[in-house]
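Here's the structure, in structure tokens; my notes come after.
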């Protein structure tokens, strides 16, 4: 296996990835199912989900498994667990 030339590595480090946009679906009545779902989770589960959202805000495209995973069409999921339940 050959390594990439230093000039290519430097170019890649200098490129900024696009800003991450977190979008929550809103119903016509103004309710946000994600927020309603989050309110129904245990304190630990809610805290873990909020932690993941903060990591997304701060690390964006640098997040990888096990915290984030690709779904399709450029859409990723944030992953969190509480005990044996995937949130």
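Scan the range 5-23 and tell me whether some residue there is modelled with pLDDT of 90 or more, assigned to a loop (DSSP other than H, G, I, E, B) and over 18 Å from the mean Cα position of the chain (by Cα). Talk me through it step by step, then tell me what you get.
Step one: filter the range 5-23 for residues modelled with pLDDT of 90 or more, giving none.
Scanning the range 5-23 turns up no residue that is modelled with pLDDT of 90 or more, assigned to a loop (DSSP other than H, G, I, E, B) and over 18 Å from the mean Cα position of the chain (by Cα).
Would you tally the residues in the range 50-87 being at pLDDT below 80, at positive phi and not in a loop (DSSP other than H, G, I, E, B)?
0
Considering only residues of the range 33-49 that are without any contact (Cβ under 8 Å) to a residue 24 or more places away in the chain and touching a helix residue (DSSP H, G or I) at 6+ places or on another chain (Cβ under 8 Å), which is nearest to residue 23 (Cα to Cα)?
Initial filter on the range 33-49 (without any contact (Cβ under 8 Å) to a residue 24 or more places away in the chain): 33-40, 43, 46-47.
Checking which are touching a helix residue (DSSP H, G or I) at 6+ places or on another chain (Cβ under 8 Å) leaves us with 38-39, 46.
Numbers: 38: 15, 39: 18, 46: 18 Å.
The residue in question is 38.
The values are calculated or read from the model by the stated rules, or taken from the named source; none is laboratory data. Quick caveat, the model's predicted, so the values are computed rather than measured. Don't worry about glycine lacking a Cβ; one is built from the backbone with ideal geometry, like all the others, and counts go over all protein chains shown.
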